[in-house]
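Trainee: The following block contains the structure, expressed as structure tokens.
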Amino acid sequence: MERSATPSVSNPDRAAFNEGLPLLAITQGDPAGIGPEIVAKAFRDAPEAMRGCFVAGEVETLRRAARCIARPGEPSLPLALLESPQEAHAAPPRCLPVLPLPGLPGPVPFGAVHAQAGQAAADCVVWAARAALRGEIAGLVTAPLHKEALSAAGVHFPGHTELLQAEAARHAGVPVAGMPVRMMLASDELRTVLVSIHVALRDAIDAVTQQNVLRTLEITHAALRRSLGRDPRIGVAGLNPHAGEGGLFGREEIEAIAPAIAAARVRGIDAHGPFAPDTVFMRARSTPQRAGEFDVVLAMYHDQGLIPVKYLGVDKGVNVTLGLPLVRTSPDHGTAFDIAGQGIADASSLVEAVRMARRLAAAPAGPAPLSA
């Protein structure tokens, strides 16, 4: 650790105070984007929320992030360099506890796609996933990475979800297809789970099969049942306008979605629909004035499910991966290359992701999401 800047991390009193907290790794994200600076800002501005957390990343990249967010006339946030994840419990507040990972490149220019940045982001995720699968940490919170940078680095996964799926499958010794995962975006007003994730829209339509919809219902039911302590009420969106209008606008509802719902109900899953996708999210939205009709909406493709949650507030949404034998959350926004390095990025969604990961790690065994 930088002992000239912060007290020693070997603080037994602080470690004892924090030892009951789940140990969470936060990956630095793409160093050309806002990931490192929102991580630094979270540790500076929300120290209570960040207790028991540390950053897996590269020291100079995170030191630059600390400088980016420094307020006029104030010193930059000090770094505490850790030798093991467990030392995070003894780290002082309002510092940036960093576990340096070997082989990562130093800072890259902001706001552009770099292959080395994509590789660095992926390496941090792989390290954290493996540490979680070995039981060394309770979960991981991933700062944003850039999918084009991943591809430029030769990392042939379209995003965090698929990369984590592959790592979990490798650890379990099963094919990737044997580790089905789904993406949930959740806020305090709305949850959505997606049948397909990062695929072209043409491919997403082809993915609306009875088998895929039923599997998504099963994963969603099992995950939310553990966290809510009861069977969740699941509203299912149609694929087509007006949910197909009885086959006039498409037959996916008749041939795939409705049969999947019927099969799920036979298995005890409280699923309803398919409903018109332009109204089901409003029906599910929960506010202080009105409880939603559903605990979660099953969406047929990426943007159908994500737009409603993000519209209600990007600063409140959290991405949760369902179906993994580990806890993983992330903020619901991307790398924001256009503002990277300016120190103005909002860390609220990252802080919410940390809070949710902590609740998930304390939930009953299994990769279940907790109510947002």
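The values are calculated or read from the model by the stated rules, or taken from the named source; none is laboratory data. Computed from a predicted model, the values in this text were never measured in an experiment. Don't worry about glycine lacking a Cβ; one is built from the backbone with ideal geometry, like all the others, and counts go over all protein chains shown. Accessible surface areas use protein heavy atoms only, side chains included; no ligands, DNA or RNA. Shrake-Rupley method; radii C 1.70, N 1.55, O 1.52, S 1.80 Å.
Trainee: Failed condition for residue 225, given (1) modelled with pLDDT of 95 or more; (2) open to solvent by 50 Å² or more (accessible area, probe 1.4 Å); (3) closer than 26 Å to residue 162 by Cα, with all others met?
Mentor: It fails just one condition, (1).
Trainee: Can you tell me which residues in the stretch 337-372 are within 17 Å of the chain's Cα centre (by Cα), open to solvent by less than 30 Å² (accessible area, probe 1.4 Å) and at pLDDT 85 or above?
Mentor: 347, 349, 350, 351, 353, 354, 356, 357, 360
Trainee: Here are 198, 242, 171: which of them is surrounded by fewer than 19 Cβ atoms within 10 Å (Cβ to Cβ), in contact with a helix residue (DSSP H, G or I) (Cβ under 6 Å, 6 or more places away or on another chain) and not in a strand (DSSP E or B)?
Mentor: 171
Trainee: Also, quick follow-up: Would you point out the residue of the stretch 28-72, among those that are of a type in the set (A, V, I, L, M, F, W, C), without any contact (Cβ under 8 Å) to a residue 60 or more places away in the chain and surrounded by 21 or more Cβ atoms within 10 Å (Cβ to Cβ), that is nearest to residue 85 (Cα to Cα)?
Mentor: Applying the filter and picking the extreme gives 54.
Trainee: Can you tell me which residue in the stretch 39-65 is farthest from residue 361 (Cα to Cα), limited to those that are β-branched (Val, Ile, Thr) and touching a strand residue (DSSP E or B) at 6+ places or on another chain (Cβ under 7 Å)?
Mentor: Once the filter is applied, the top-ranked residue is 59.
Trainee: May I ask you to verify whether residue 141 is β-branched (Val, Ile, Thr), open to solvent by 10 Å² or more (accessible area, probe 1.4 Å) and either in contact (Cβ under 8 Å) with a residue 12 or more places away in the chain or touching a Phe, Trp or Tyr at 6+ places or on another chain (Cβ under 7 Å) (or both)?
Mentor: no
Trainee: Something else: Only residues that are within 16 Å of the chain's Cα centre (by Cα) and closer than 13 Å to residue 89 by Cα: list them for the stretch 21-49, please.
Mentor: Within the stretch 21-49, 24, 25 qualify.
Trainee: Does residue 291 meet the test of being without any contact (Cβ under 8 Å) to a residue 12 or more places away in the chain and either open to solvent by 60 Å² or more (accessible area, probe 1.4 Å) or not β-branched (Val, Ile, Thr) (or both)?
Mentor: So residue 291 fits the description; yes.
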